[in-house]
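The values are calculated or read from the model by the stated rules, or taken from the named source; none is laboratory data. Owing to the predicted nature of the structure, the values given are computational and were not obtained by experimental measurement. With ideal geometry, Cβ positions are generated from the backbone for all residues, glycine too; neighbour counts draw on all protein chains shown.
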Amino acid sequence: MIVDTKKLSSLLIQFRNDRNYKQSYMATQLGISQKAYSYLESGRCKMDLIRFLRIAEIFEVDPMNIISKITDIDHPWSICKERETYEDQILKLNKHINYLKSHNKILKEAISNLIDHENSDF
């Protein structure tokens, strides 16, 4: 997943301005200085996940919607859904393989019995 930091910066500024929040207010809510928040908002320093989630909470925005707007993924949960689909397919294929193996064993036994029966006739 590649994060577009410029988009993240733009979104943070947009969310803050839409709510008429000052950087100093955000900084206070996060327990950091206004300058530190400015660095976060501008992308000059990296943001950890906890802080990202807290910012989303302050803005009352679903963090998954933010992630989908700033990454190369349409929707972050789509990866999980694809994985579940593949895992389901693997389970089905394994069941089918086991079914074929058991029937293969039955067929081998039947062929062996036929050969034994033919050999006993001679």
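Descriptive notes on the structure:
- Helices (runs of 4 or more DSSP H) contained in region 4-64 and holding at least 1 residues of a type in the set (D, E, K, R) and at pLDDT below 95: 5-18, 34-42, 49-59
- Within region 27-59, the set of residues being within 18 Å of Ile70 (Cβ to Cβ) and touching a Lys or Arg at 6+ places or on another chain (Cβ under 8 Å) comprises Leu40, Glu41, Gly43, Phe59.
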